1. Kindly indicate whether LEU51 is at pLDDT below 95, touching a Phe, Trp or Tyr at 6+ places or on another chain (Cβ under 9 Å) and farther than 22 Å from SER32 by Cβ.
2. Which ones in the stretch 53-97 are among the basic types (Lys, Arg) and farther than 17 Å from SER121 by Cα?
3. Scan the stretch 46-85 for residues that are free of Cβ contacts under 8 Å to residues at least 60 places away in the same chain and over 19 Å from the mean Cα position of the chain (by Cα) and jot them down.
4. Take the residues of the stretch 55-94 that are among the polar types (S, T, N, Q) and more than 30 Å from ALA110 (Cβ to Cβ): which is modelled with the highest pLDDT?
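The values are calculated or read from the model by the stated rules, or taken from the named source; none is laboratory data. Quantities reported herein were computed from a predicted structural model and do not represent experimental measurements. As a convention, Cβ positions derive from the backbone with ideal geometry for all residues, glycine included, and neighbour counts pool all protein chains shown.
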Amino acid sequence: MKKLQRLSKRSCCYVATALVLTIVVGPAFAASLKSIMGDMGDNTTAAKAVLANFDSASAKQVLQHYASEARAASDMFTGQGSAKEKDLSARFKKLAAMADAASQAPQNKATFRSAFADVASECKSCHSIYK
């Protein structure tokens with residue numbers, strides 16, 4: 001009986017710890033993702049400015065920033081169990097690969113416009129499902 005009581009108390013402690021972690025970590029996770037999305041939004045504004053006044057170094061930097069932010073977002077979902085989290089991780093990985101490949105290619109205004117359109121389309125596909 002005492003062993004059962006100890007197990008019961010231990011189980012309650014584990015459940016309480018899990019609840020506290022969910023309450024504390026959940027908002028931090030959401031804040032991190034919101035920060036990444038905000039950075040991507042700012043990067044989109046920068047991309048539009050690059051299109052208006054094309055500069056190949058700035059174009060490459062914009063694409064590299066998309067790749068970096070997408071990798072960071074993907075890492076947040078890596079190892080998560082739900083189908084939604086796995087899908088988000090895969091989508092961010094795809095976006096990172098797409099932006100990284102585009103950043104490695106020589107840039108002129110036409111190639112950057114095409115790469116930016118592809119990246120923006122990938123962003124939109126995710127937002128249409130999850131936002």
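1. yes
2. Correct list: LYS60, ARG71, LYS84, LYS86.
3. Within the stretch 46-85, LYS48, ALA49, ALA52, ASN53, PHE54, ASP55, SER56, ALA57, SER58, ALA59, LYS60 meet the criteria.
4. The selected residue is SER89.
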